[in-house]
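The values are calculated or read from the model by the stated rules, or taken from the named source; none is laboratory data. Remember, predicted model here, so these are calculated numbers, not experimental data. As a convention, Cβ positions derive from the backbone with ideal geometry for all residues, glycine included, and neighbour counts pool all protein chains shown. Protein only, heavy atoms only, side chains kept; ligands, DNA and RNA dropped before computing areas. Shrake-Rupley method; radii C 1.70, N 1.55, O 1.52, S 1.80 Å.
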Amino acid sequence: MTPLLTREEVHTRLQEIFPDGAPNRAYLTRMLAASTVFVALYIDAVEGSGTYLGPKHVYRMTDEQAARTDAADRASYATGVLRTGSQVEGRRWYQDNTREPIRDETLREGLVAIGAVTERTDLATTSSKPRYALKAGFAALFDPGLAGEVLQARIAAWQAEALNKGALARLAIVRRGAGVSADQVLVTFPNGETRRMKPGPSSEITKAVVEVFAPAFLADPAVLFLSESGNKVVARDDELARSIGLAIQADRNLPDTILVDLGPTHPLLVFVEVVATDGPISERRKEALEALVAETGFPAEHVAFVTAYLDRSAGPFKKTVDSLAWGSYAWFAAEPERLLIFSDAPRSLGG
């Protein structure tokens, strides 16, 4: 049978296999996922073995049973736990009502969806028989003999083979954005001009806002104002601002970035806050920016508010999502073609 890591070691390894940016990362890296992968390895529910995993294998497992790692004990548990009235020594890891989260979230929406687990197709959907097995390449990543650079190389090879292009691109964007480079971040404006910003996640997100978000969602984008942490002004175009009837004044309420879309008959002003840790477009922030615009006489109906994040699976978005203002947008550098709308207009679900 497959050599075993402990459940805690499986949990740690899942964090490496599915780093920030992985789709449904919460389902793939929590302890319930580690328990599921550990038990699959424990009973040898690996592609090609003929043994399959069911949720019952996971929620009936105990510390005492997990410690019994010889082949006979593991094979006995694989079949015995499925029998009605069977007993397992020790306290269960989970109660029976964990069946659905294991089946629906950890397996179907998590490991099966990302290509780490295979599911039998010859069983009726109502069948209670075990139907899941780790794919062989994924199971191999939990070899206790793998460590260091060899492990990282194996993980990278598996990701390249198993993940789709979109998932791989998202991982690459998040890795780049979360990294701290010693070099300055070079931002290229829509008109071809360039500016340098100090390195860090905020600058990487700002770069994505200017270079990716602006041309994707604005017809004729331009940068009116750009700053970085510490209130340092990187770029400011007063002449362009005056040409559209906006007077930009040095103000602590100014957002990280102000874009303008010159394509519509009346220009669209876009206030963007970059969130690497905190500071989204909240209701209070939105009201302050609206007041700032009102003072200049710029029409409120031609103003949009965007909070830009690196990735929606990471902490900053989860930490601030409940404070985002209605009537604003959220954009993620890791999923650049999508825009999350916090609509404040009543409408039917089908409308």
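At-a-glance table
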read-out: Residue-by-residue Karplus 3J(HN,Hα) for region 296-304, coefficients 6.51, -1.76, 1.60, Hz, glycine and proline x; value: 8, x, 6, x, 5, 6, 10, 10, 10
read-out: Degrees, to the nearest 10: 7-17 long Cα axis against longest axis of the chain; value: 40
read-out: Peptides 57-68, 233-244, 32-43 ordered by average Cβ neighbours within 10 Å, highest first; value: 32-43, 57-68, 233-244
read-out: Region 185-342: C-alpha gyration tensor shape, a/c 1.5 cut-off, then a/b vs b/c; value: rounded
read-out: Ranked by how many other beta carbons lie within 10 Å on average, peptides 117-124, 71-78 from highest; value: 71-78, 117-124
read-out: Sequence-distant residues sharing a close amide H with Ser328 (under 5 Å, placed H); value: Phe342
read-out: Computed magnitude of the charge dipole of the chain (debye, nearest 20; Cβ of K, R +1, Cβ of D, E -1); value: 980
read-out: Carbon plus sulfur fraction of accessible area for the chain, probe 1.4 Å, in percent; value: 50
read-out: Amide H contacts of Leu246 (H built 1.01 Å from N, under 5 Å, at least 5 apart or other chain); value: none
read-out: Cross-link pairs Lys135/Lys207; Lys129/Lys319; Lys232/Lys318; Lys207/Lys286; Lys198/Lys286 - those with Cα-Cα distance over 31 Å; value: Lys135/Lys207; Lys129/Lys319
read-out: For region 214-219, Karplus couplings with θ = phi - 60° (6.51, -1.76, 1.60), whole Hz, Gly/Pro x; value: 4, x, 6, 10, 10, 5
read-out: Amide H contacts of Leu224 (H built 1.01 Å from N, under 5 Å, at least 5 apart or other chain); value: Ile258, Leu259, Val260
read-out: Rounded to whole Hz, the Karplus (6.51, -1.76, 1.60) HN-Hα couplings of region 20-28, x for glycine and proline; value: 3, x, 5, x, 6, 4, 4, 5, 8
read-out: Folded to 0 to 90 degrees: helix 148-162 orientation relative to the chain principal axis, Cα; value: 80
read-out: Rounded to 10°, Cα long-axis angle of helix 165-178 versus longest principal axis of the chain; value: 60
read-out: Solvent-accessible heavy-atom area per residue, rounded to whole Å², over region 278-347 at 1.4 Å; value: 52
read-out: Test item: Cα-centred dipole of region 185-342, Lys/Arg +1 and Asp/Glu -1 on Cβ, debye; value: 420
